[in-house]
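All remarks here apply to the structure that follows.
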Amino acid sequence: MIFLKRTLLIYNPASGRQVFKKHLSNIEKRFQENNHHLDVFQTEYPRQATEIAYRACQERYDYLIIAGGDGTFNECLNGIMKSEYRPIIGHLPAGTGCDIANTLGIKKNIDKALDVFFSNHMVLMDVVKANDRYFTYVSGNGAFIDISYVTDSKMKKKFGWIAYIFKALEELFTIPKMPMKATYDNGVCEGVFSLILIINSKLVAGMNLIYKPILDDGKVDVVMYRNIYPFNWISYLGSYFFPFWSTPLIKRFRTSELKIETTTKSRWNIDGESGGVGNQNIKVCQKAIAIVINKKISDKYFKYQNQDIAQTCSIAPLQSEQGILD
């Protein structure tokens, strides 16, 4: 007797070039062939994915497939993290940038992304809490940080990631000056900054900003750029070409907790979505979600996996054992 795995797919029809829906029949066929009972839900308004993801936890689905961009992934994450039981996550990238998928070795090609999912290579991955919100790969404030959510959706549909470049050029001369005090595990960093990034990823906006990230050690990488207007662009380029250097102008450190005190009115960006203003209290939730990724990536970025755990079918029974419930 074959037991079907209960799987829920959530997709955002507005993500990226808005063509995901035409792949649904093929996707449903692939899941059926691999013994999944697949339910499909299309979101209709912002943050609805959070509600549905939480419901999937309460109804104890085995798998939750997130189809969309980084913003859709973040919405689902915030629903999942409200629950003690958390389904295994699969990701079908369908957004404009898809930094999370790129870091995890998941291609935008739907068939290749499905191949990764059905390979069933699962890891436990860190999640970061910022005040009362969770994020997977980045939170930031300062220069160009709002581009992902202020860029017109019609421009993104027409030009893809190039639309972000157009918007960045518009903001080139409006870089903020942000007084900040950052208290972290091993010290304090104070000053006036043009950009801060709190990163649990290799890629941010498609750029390699972290040399060798570790995504399951309970820590995040923090990069703080001191304001040297009008020459801030030198720091940004230097950070891109030398993602391992910490200099007097670019402060880098790793931490499990972080407290940011600031008076800036610039808005925080959390996984590509607007995240409010003001102070931030950051805490890493180690190995908080189970997610299927490209096996080639796991040895690079996941250094603290227990092989017995990695072969299980649900993270829920393991959370109390590892003390990772937040």
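The values are calculated or read from the model by the stated rules, or taken from the named source; none is laboratory data. In this text, all values refer to a predicted model and were calculated from it rather than measured experimentally. We place every Cβ from the backbone using ideal geometry, glycine too, and count neighbours over all the protein chains shown.
The sole residue among S266, S246 that is closer than 18 Å to P176 by Cα, at pLDDT below 95 and not assigned by TED's automatic domain parsing to the domain that holds T50 is S266.
Scanning the stretch 210-227 for residues that are among the acidic types (D, E) and either in contact with a Ser or Thr (Cβ under 7 Å, 6 or more places away or on another chain) or over 21 Å from I260 (Cα atoms) (or both) turns up D216, D217. Return the residues of the stretch 246-262 that are farther than 28 Å from R47 by Cα and either of a type outside the set (G, A, S) or out of contact with any strand residue (DSSP E or B) (no Cβ under 8 Å at 6 or more places or on another chain) (or both); say none if nothing qualifies. Correct list: T247, P248, L249, I250, K251, R252, F253, R254, T255. Checked against the criterion of being in contact (Cβ under 8 Å) with a residue 12 or more places away in the chain, in a loop (DSSP other than H, G, I, E, B) and surrounded by 15 or more Cβ atoms within 10 Å (Cβ to Cβ), the stretch 229-242 contains not a single residue that satisfies it.
Going through (1) out of contact with any strand residue (DSSP E or B) (no Cβ under 9 Å at 6 or more places or on another chain); (2) among the charged types (D, E, K, R); (3) at pLDDT 90 or above one by one, D39 falls short only on (1). In the stretch 33-47, the residues that are assigned by TED's automatic domain parsing to the domain that holds P87 and of a type in the set (S, T, Y) reach residues that are surrounded by 12 or more Cβ atoms within 10 Å (Cβ to Cβ) and assigned to a loop (DSSP other than H, G, I, E, B) with C-beta atoms within less than 9 angstrom, at least six apart or across chains, in these pairs: T43/N12; T43/P13; T43/A14. In the list V223, V188, V192, which residue meets the criterion of being over 30 Å from K287 (Cα atoms) and without any contact (Cβ under 8 Å) to a residue 40 or more places away in the chain? Of the residues listed, the single one that is over 30 Å from K287 (Cα atoms) and without any contact (Cβ under 8 Å) to a residue 40 or more places away in the chain is V192. All conditions but one from (1) exposed (fewer than 13 other Cβ atoms within 10 Å of the Cβ); (2) under 20 Å from S266 (Cβ atoms); (3) among the basic types (K, R) apply to K212; the one that does not is (2). Within the stretch 186-210, the set of residues being closer than 21 Å to L124 by Cα and either aromatic (F, W, Y) or part of a loop (DSSP other than H, G, I, E, B) (or both) comprises N200, S201, K202, I210. Taking the stretch 46-94 as the range and being touching a Phe, Trp or Tyr at 6+ places or on another chain (Cβ under 9 Å) and of a type in the set (D, E) as the test, only D70 passes.
Of the residues that make up the stretch 5-15, is at least one over 20 Å from V138 (Cβ atoms) and surrounded by fewer than 14 Cβ atoms within 10 Å (Cβ to Cβ)? No - not one qualifying residue is present in the stretch 5-15.
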